[in-house]
Amino acid sequence: MPEGEHRFEFHLDKRFFENMENADIHDADLDVVLTVTHKSDIYQFDFQITGTITLICDRCLDDLIMPVDTTYSIAVKYGDDYNDDSDDLLVIPHSDNFLNVAYMIHDTVALTIPIKHVHPLGKCNRQMSAMLKKHRATTPGDEDSELAESLIDEIDSIDAAAENQAQQQATDPRWDALKGLAGNDGEETKA
């Protein structure tokens with residue numbers, strides 16, 4: 001590769017992660033821009049990855065679309081043997097005349113996935129949440145089950161509050177003024 005800056009663009013989808021045997025990512029719509037800057041015997045690789053990936057929600061098992069906007073940089077140079085001991089420098093043997101960056105891209109995307117991937121509060125599948133609540137196993141007097149039950153109740157109340165707030169925001173404010181004209185029992189008030 002001649003000295004200077006070189007730019008490569010890739011589009012990643014579901015097939016890329018299937019080929020990498022990643023079971024966590026079920027779909028993807030990612031754009032990758034790789035800028036390689038070659039100066040003397042060092043190649044500077046700068047990755048910019050943007051788009052979305054689809055995971056499975058840990059709580060309700062529905063699709064969870066997560067945004068991805070990340071960067072990764074590494075320097076690459078030729079040496080006697082392969083050496084990836086450093087986070088900032090990769091040494092490849094002189095006999096190699098190409099470098100497969102697929103694993104670098106895959107690992108960079110995989111590191112953006114949080115340990116716990118769940119929908120924001122109030123966005124989980126309500127039917128699945130109700131089913132989980134109905135079938136959860138608890139033993140009376142068990143501290144862990146009481147804590148789990150209180151956490152689930154708290155999540156359910158937050159989910160219900162968020163849904164209630166969304167329904168209230170969906171009403172037209174002009175109708176709210178008219179509702180004030182009705183009495184407590186729904187009859188019109190006399191002026």
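The values are calculated or read from the model by the stated rules, or taken from the named source; none is laboratory data. Fair warning: this is a prediction, and the values are worked out from it, not measured in the lab. As a convention, Cβ positions derive from the backbone with ideal geometry for all residues, glycine included, and neighbour counts pool all protein chains shown. When the accessible area is computed, the model is the full protein with side chains, heavy atoms only, and any ligands, DNA or RNA have been set aside. Shrake-Rupley method; radii C 1.70, N 1.55, O 1.52, S 1.80 Å.
Before moving on, here are some points about what is shown:
- Close pairs from the range 65-77: first of a type in the set (D, E, K, R), partner open to solvent by 70 Å² or more (accessible area, probe 1.4 Å), Cβ under 8 Å, at least 6 apart: K77/D41
- Matching residues, the range 47-63, being aliphatic (A, V, I, L, M) and in a strand (DSSP E or B): I49, I53, L55, I56
- D80 vs. criteria among the charged types (D, E, K, R), at pLDDT 75 or above and either open to solvent by 70 Å² or more (accessible area, probe 1.4 Å) or in contact with a strand residue (DSSP E or B) (Cβ under 9 Å, 6 or more places away or on another chain) (or both): yes
- Some residue of the range 53-67 being open to solvent by 30 Å² or more (accessible area, probe 1.4 Å), closer than 20 Å to R7 by Cα and within 28 Å of the chain's Cα centre (by Cα): no
- Test: Y72 is open to solvent by 60 Å² or more (accessible area, probe 1.4 Å), part of a helix (DSSP H, G or I) and of a type in the set (S, T, Y): no
- Qualifying residue in the range 23-45 (condition: touching a residue at least 40 places away in the same chain (Cβ under 8 Å), under 30 Å from K123 (Cβ atoms), part of a loop (DSSP other than H, G, I, E, B) and open to solvent by 40 Å² or more (accessible area, probe 1.4 Å)): yes
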